[in-house]
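Encoded as structure tokens, the structure appears first; notes follow it.
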Amino acid sequence: MKRSTFLIQSSALAALAFVPSSCRMSFSNTSFPLGLQLYTVRDFMAKDPVGTLKKLKAMGYSDFESYGFDTVNKSYYGYSATEFKTILEDLELSTYTGHYGLPGLMEASEIDLKTM
């Protein structure tokens, strides 16, 4: 190992001692659900939404930011909002936030927006 590499790595390690414990990641803290933006798996969600959600749950994810609301068909991943909510509830998953494309929402009428 080069001396410069050793100094850089040991300095970084020593600096960790000064990081407050509240900033350190703890995997034993389960008070918050592990979340994921569904945008990151959009291709899989387009092919098999329910199967993808099951696999994500198996990985430990339980809360999601939805993505892909279709303003024309008023659906999430091919399911109505009610159907998608039922799927999430059946899998004991949740979504509290959403990632929406503004162009589709900006072009929708006020009546359409209220029924979404």
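Quick note: the coordinates plus some simple rules give every number you see, no bench work behind them. As the structure is a prediction and not an experimental result, all values here were calculated from the model. When we count neighbours, we look across all protein chains shown, and the Cβ atoms used for this are built from the backbone with ideal geometry, even at glycine.
Summary of values
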quantity: Under-5 Å amide H pairs with Phe69, H placed in peptide plane, nonlocal only; calculated: Gly101
quantity: Virtual spin-label span in nm between Thr82 and Glu65, 7 Å along Cα→Cβ; calculated: 2.9
quantity: Computed label-point distance, nm, for sites Thr97 and Ser10 using a 7 Å Cα→Cβ extension; calculated: 4.2
quantity: Ascending count of other beta-carbon atoms within 10 Å, so fewest first, for Leu56, Leu38, Leu16; calculated: Leu16, Leu56, Leu38
quantity: All lysines inside 16 Å of Lys85 as judged from Cα atoms, apart from same-chain residues fewer than 8 positions distant; calculated: Lys54, Lys57, Lys74
